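The values are calculated or read from the model by the stated rules, or taken from the named source; none is laboratory data. Because the structure is predicted, anything quoted here is derived from the model rather than measured. In this analysis, Cβ positions are derived from the backbone assuming ideal geometry, glycine residues included, and neighbour counts consider all displayed protein chains.
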Amino acid sequence: MPGFLGQLGGLPLLLLMFVVMYFLLIAPNQKKQKTWQAMLSQLKAGDKVTTNGGIRGVIVSVKDDVLVLRTQPDNVKIEFVKSSVAAVTTDDTSTTA
């Protein structure tokens, strides 16, 4: 009987490690993903954004999953996928997702 209990002695420790890893790694990433998705759903024409590639511009139009940006110095219009938006920026601060 003591041998059987000795084999199960590591199981609670393993479960505890899984729970700790969930709360340290998985849960914060899920929260961050939810806030990023909410930011993407609220994009509208006129918002200033920064893409993952570092391109900054103003949104000209938003369609299903595509948005058109106009860059400031050159007035070049570029089409992007919504998921490439890293942050919506304002004049004084920037909010990252």
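Under 8 Å between Cβ atoms, which residue pairs at least 6 apart in sequence (or on different chains) link something in region 1-16 that is small (Gly, Ala, Ser) with a partner that is in a helix (DSSP H, G or I) and at pLDDT below 75?
Nothing qualifies.
Name, by its number, the condition in (1) exposed (fewer than 14 other Cβ atoms within 10 Å of the Cβ); (2) more than 14 Å from the chain's Cα centre (by Cα) that does not hold for residue 52.
Just one mismatch for residue 52, condition (2).
For the condition of a type in the set (A, V, I, L, M, F, W, C), surrounded by fewer than 10 Cβ atoms within 10 Å (Cβ to Cβ) and more than 19 Å from the chain's Cα centre (by Cα), what is the one hit in 8, 15, 69, 24?
Values: 15 fails: surrounded by fewer than 10 Cβ atoms within 10 Å (Cβ to Cβ); 69 fails: surrounded by fewer than 10 Cβ atoms within 10 Å (Cβ to Cβ); 24 fails: more than 19 Å from the chain's Cα centre (by Cα).
The match here is 8.
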